[in-house]
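J.: What follows is a single structure, and I will ask about it in a moment.
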């Protein structure tokens, strides 16, 4: 993994071991279809790999991240994020500048006061991959590492 990755929880909470459930809670993935951004650090990579049987992840680019923040980003009080809010509560001029800084590793979601770090997504249009949510992406399922293909999944889930 390199840069910043988007991790999306695919499977639910039933029959999940306690240590895996706790790791997903630390990542902010407490429910199905929740997405969070994970920086490329060794300890976080280990956490992502530990819960690989319940999530899918991949590298996200500036354009996709900006679209994700505009469509699904929320601030305290469950209100949508706007360019004006980002400009008033951070050093960034708009959402696109924030997304570019996050992808480069120069900023975090918490640099904007009141911005939530978890995105609630819809189930993907036309569903997950053919083999379902119990098989890895490498064999046609929905779980695991999908590199840049995460962008296509996020587009379908907005």
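J.: One residue is enough: does region 73-90 have a residue meeting the conditions crowded, with 20+ Cβ neighbours inside 10 Å and over 20 Å from residue 153 (Cβ atoms)?
T.: Within region 73-90, the first condition is being crowded, with 20+ Cβ neighbours inside 10 Å, and the residues that meet it are 73, 81, 86.
Adding the requirement that they be over 20 Å from residue 153 (Cβ atoms) leaves 81, 86.
So far as region 73-90 goes, yes, one or more of its residues are crowded, with 20+ Cβ neighbours inside 10 Å and over 20 Å from residue 153 (Cβ atoms).
J.: Would a scan of region 28-39 turn up a residue that is surrounded by fewer than 16 Cβ atoms within 10 Å (Cβ to Cβ), over 11 Å from the mean Cα position of the chain (by Cα) and over 18 Å from residue 137 (Cβ atoms)?
T.: Taking every residue of region 28-39 in turn, at least one turns out to be surrounded by fewer than 16 Cβ atoms within 10 Å (Cβ to Cβ), over 11 Å from the mean Cα position of the chain (by Cα) and over 18 Å from residue 137 (Cβ atoms).
J.: Residues being on the phi > 0 side of the Ramachandran plot and assigned to a loop (DSSP other than H, G, I, E, B): count how many of those fall in region 117-158.
T.: Looking only at that region, the number is 4.
J.: Right, something else. What helices (runs of 4 or more DSSP H) lie completely within region 8-116 and have 3 or more residues being without any contact (Cβ under 8 Å) to a residue 40 or more places away in the chain and in the same structural domain as residue 149 (by TED's automatic domain parsing)?
T.: Numbers: elements: 18-27, 42-50, 62-72, 83-89, 95-104.
By residue number, 18-27, 42-50.
J.: Before we move on, is residue 40 touching a strand residue (DSSP E or B) at 6+ places or on another chain (Cβ under 8 Å) and under 18 Å from residue 148 (Cβ atoms)? Before the answer, list the steps.
T.: Values: touching a strand residue (DSSP E or B) at 6+ places or on another chain (Cβ under 8 Å): yes; under 18 Å from residue 148 (Cβ atoms): yes.
In short, yes.
J.: Would you be able to tell me the number of residues in region 145-156 that are surrounded by fewer than 19 Cβ atoms within 10 Å (Cβ to Cβ) and touching a residue at least 60 places away in the same chain (Cβ under 8 Å)?
T.: Selection size over region 145-156: 4.
The values are calculated or read from the model by the stated rules, or taken from the named source; none is laboratory data. Just so we're clear, the structure is a prediction, and the values are computed from it rather than from any experiment. Counting neighbours? That spans all protein chains shown, and the Cβs are built from the backbone with ideal geometry, glycine included.
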